[in-house]
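None of the figures in this text is laboratory data; all of them are computed from the coordinates on show. Note that the structure is predicted; figures quoted are calculated from it, not measured. We place every Cβ from the backbone using ideal geometry, glycine too, and count neighbours over all the protein chains shown.
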Amino acid sequence: MADLDLRALARAAAARPGDLAAGWAYATALARTGDPRGQTRELCRLARLGDADAQQALDAWSPWPGPDGLVLRRSLARAPRSLVERARIARVEGAFILAVARDVVLVKHYDGAPRLEALELSDGGPRWSAPCNVLTGALLGGLVVTAEDSTRLTARALDTGEVVAEATLPDEIRQLVAVPGGRAMCEFGPTFGLVDLTPEAFGERAWELPVPFSARTSAFVTDGVHLLVERRTDPEREHRLVDVETGATVWRLQRWDLPILSVYGAAVAMDARGLVVQGSSGHGRGWRVSDHEKGEAVVCELDARTRRPRWQHARRGWTSILPMRSSFATGEDVILVTVTERDGTQLLALERTAGQVRWSRALAGQDAEFVIAGDTAWLAEPLPDTTRVRVQALDLLTGAPRLDLVLSSIRAEAELSLAPMVDGVVLLTDDALIVLGEG
């Protein structure tokens with residue numbers, strides 16, 4: 001085979017990573033040219049996409065002995081994976097998961113006396129408890145940083161809860177967003193700024209910026225270079241990109257700069273690849289488009305520096321964007337978004353390259369929760385008219401189920417939230433914290 005033909009097949013497989021036929025054509029060409037290592041690499045990629053023939057080819061090349069000495073294919077010898085309930089902890093109202101780290105889950109209780117509680121992931125038993133006044137906290141390696149009272153930052157050891165460092169800020173602390181390098185964006189009083197959280201300089205501020213009382217940080221750029229800050233003063237809304245090191249404003253995005261920001265319920269997030277905006281365009285009002293007006297549920301990605309659109313995905317018809325905390329989540333290659341249409345609610349996986357639908361999934365209702373963890377999408381769905389919740393681990397690139405479990409004895413119409421851990425997920429309902437892992 002000519003080298004130019006092989007390169008053309010390689011470009012086709014790279015341009016359409018979900019096209020199994022293109023991948024097989026490239027793998028076959030590699031075999032013909034005498035490149036078994038390249039063929040194996042391409043078959044591994046196809047197997048990760050869920051291609052059974054590619055998995056069978058790999059298993060045939062890599063046999064191993066079974067318990068009786070017989071040579072088995074890996075697919076036959078591999079133990080089946082399942083999702084099991086490891087622990088269920090009853091909880092009082094007014095609590096949510098702050099973070100899951102290593103072998104503990106941090107739960108914030110904000111009813112009564114606000115406190116932070118560390119629970120064992122193995123059995124749900126308490127490890128330590130401490131006062132905590134701020135709703136969000138920064139998790140930095142083996143430390144968890146919170147506001148123990150209205151103005152005092154406190155760093156505690158994650159394993160023991162022991163106080164490692166403390167500092168007092170000049171005004172009430174409302175939010176913390178972790179920044180690489182042992183720092184955090186801290187919102188306090190009418191300002192926000194970059195605060196050092198290393199033990200030797202704990203609480204020192206590199207810069208401060210004044211913002212309205214209603215301002216809040218909507219997202220943090222994962223490359224550690226910028227912060228995306230959302231400022232809300234009814235009825236205005238502004239998004240500002242801020243340089244982490246200096247506090248300098250790179251650009252401002254006003255509410256009316258983009259049509260999909262003009263409707264209540266729009267959401268903006270950012271990562272190292274770009275700015276992702278979700279909302280409704282047209283003449284819709286609120287979360288739902290009325291019976292007399294047509295509209296669109298829109299997701300678009302913008303260049304983070306220029307704000308020029310890279311692509312836009314719209315769903316025409318009687319549509320709405322669900323008002324969920326996790327109404328969209330960004331992964332390295334895929335964006336997950338939920339859209340409610342006349343026929344029901346869909347979970348869509350949009351490719352980051354062009355906004356095309358990679359896979360879709362019909363949801364049982366509008367109360368599903370999902371979160372991205374690596375190459376896995378965790379999905380929790382209350383089953384209609386029951387006290388059961390189905391939890392699944394889906395392949396992020398294909399939507400294929402990896403793990404599945406139906407939980408019973410969940411309070412009807414319970415509000416759900418998910419937090420991933422190393423080999424499973426933590427589900428928080430109105431009355432229980434449930435630890436799920438591979439069995």
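Structural remarks
- Sparsely packed trypsin sites (Lys or Arg not before Pro) within region 7-40, loop by DSSP, other Cβ within 10 Å at most 15: none
- Between R390 and Y110, full extension at 0.36 nm per residue minus the direct alpha carbon distance yields a gain of 98.0 nm.
- With both labels modelled 7 Å from their Cα along Cα-to-Cβ, the R32 to R88 distance reads 5.8 nm.
- Least to most buried among M421, M185 (fewest other Cβ within 10 Å first): M421, M185
- The modelled label-to-label distance for the pair A400/D430, using points 7 Å beyond Cα in the direction of Cβ, is 3.8 nm.
- Distance-filtered residues of region 357-379 - backbone nitrogen under 18 Å, label point 7 angstrom along A15 Cα→Cβ: 357
- Gain upon complete extension [W251, R102; 0.36 nm per residue less C-alpha separation]: 49.9 nm
- Per-residue Cβ neighbour rank within 10 angstrom, fewest leading, L383, L106: L383, L106
- Local electrostatic count, D159, Cβ distance below 12 Å [Lys/Arg +1, Asp/Glu -1]: 0
- Each residue of region 23-29 is assigned a 3J(HN,Hα), and the resulting list reads x, 5, 4, 5, 4, 5, 5 Hz, derived from the Karplus form 6.51 cos²θ - 1.76 cosθ + 1.60 (θ = phi - 60°), x at Gly and Pro.
- With each label modelled as a point 7 angstrom along the Cα→C-beta vector, the D375-D159 pair spans 3.2 nm.
- Region 100-137-region 341-357 distance, computed between alpha-carbon centres (Å): 35 Å
- Amide H partners (placed H, <5 Å) of A101, local residues excluded: L106
- For D404, distant residues with modelled amide H under 5 Å away: L83, A393
- Cβ-to-Cβ counts within 10 Å put R315, R115 in ascending order as R115, R315, the fewest first.
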